[in-house]
Structure formats: C-alpha cells, structure tokens
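See below for the structure under consideration.
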Amino acid sequence: MLEVMKNELNKMEVLDSSVGGGELECVLIKDTEDNRKKINMLLCLVNNWAIVPEHYAPATYEFIDVCKKECEGYLDIAYLVYNFFQNVQVDHLGFDQERKQWIISLD
C-alpha cells in the first residue's frame, strides 16, 4: 500500500515544501477541485472506505478545513500523510525536497 500511496502522491504537483529541525513541516499543492478529488480517492483507498462519488469522505472535509485555516489556497499533503492515513506504516514514507517527490526509505 505504501508504494501505491507514494505513486498517487507523486501525481500531484508540489509547489513548495519545508523542513524544520530535520522534520518535514509541509508539502504544499494548490487547493483545486481536482486535487481535492485525488486526495479523497486516496484517503478512501488507503483507509478502505467506501467511495461515494457525489461526496467527500468526512476526513477529507476535516483535512480541507485544517488547510483553509493554516495555508489558505493550498493543501498540505505532509499533514495529510502523517495525520489521516490509518493502518499504513508511513514512517518509511519521506519527501525528497530537491526532486519534489515522495520516496520510500527502508532504513
């Protein structure tokens, strides 16, 4: 599942990212309807939730609300990865700032 997550996350165009104290702080993408749909589908896939095409999963709305308060106009997918994916070992998922790509490290 981690490989699927990485591949889907890498389909989104990263605009900016930052690291502080050796930890990933944010990975920002544009807040668009298309990106919201991608995030919703990924959340449903990873968490084994039913997909209802007309609506977002409740966690998607919660994530979007947090982003509106913290980074208006952008979606922080680092926050998404580390706070909204259940049953996935995200400790091995990292972000390469130079390439602006998510990577899997098996250290």
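Rolling a 1.4 Å probe across all protein chains gives Leu24 an accessible area of roughly 50 Å².
Ordered from highest to lowest accessible area with the whole protein assembly present and a 1.4 Å probe, Val52, Val90 read as Val52, Val90. For the chain, excluding the exposed loop sites themselves (trypsin sites (Lys or Arg not before Pro), DSSP loop, at most 11 other Cβ atoms within 10 Å), the longest remaining stretch covers 12-98. Dipole check for the chain: with +1 at the C-beta of Lys and Arg, -1 at the C-beta of Asp and Glu, and the Cα centre as origin, the magnitude is about 280 Debye.
Annotation note: GluC sites (Glu not before Pro) in region 49-107 located in DSSP loop regions with a Cβ neighbour count of at most 10 within 10 Å are Glu54, Glu72, Glu98. Positive-end ranking of Val90, Asn48, Cys71 along the dipole of the chain, with charges on Cβ about the Cα centre, is headed by Asn48. Judged by the ratio a/c of the largest to the smallest principal axis of the C-alpha gyration tensor, the chain counts as oblate, that ratio being 1.5 or greater while a/b is no larger than b/c. Relative contact order of the chain, taken over Cα pairs closer than 8 Å and 6 or more residues apart, is 32 percent. Let me know the number of lysine pairs in region 1-104 closer than 17 Å at the Cα, not counting same-chain pairs under 8 apart. Taking region 1-104 as the scope, the lysine pair count is 12.
The values are calculated or read from the model by the stated rules, or taken from the named source; none is laboratory data. No experiment lies behind these values; they were computed from the predicted model shown. As a convention, Cβ positions derive from the backbone with ideal geometry for all residues, glycine included, and neighbour counts pool all protein chains shown. In case anyone asks, the SASA skips ligands and DNA or RNA and just uses the protein heavy atoms, side chains included. Shrake-Rupley method; radii C 1.70, N 1.55, O 1.52, S 1.80 Å.
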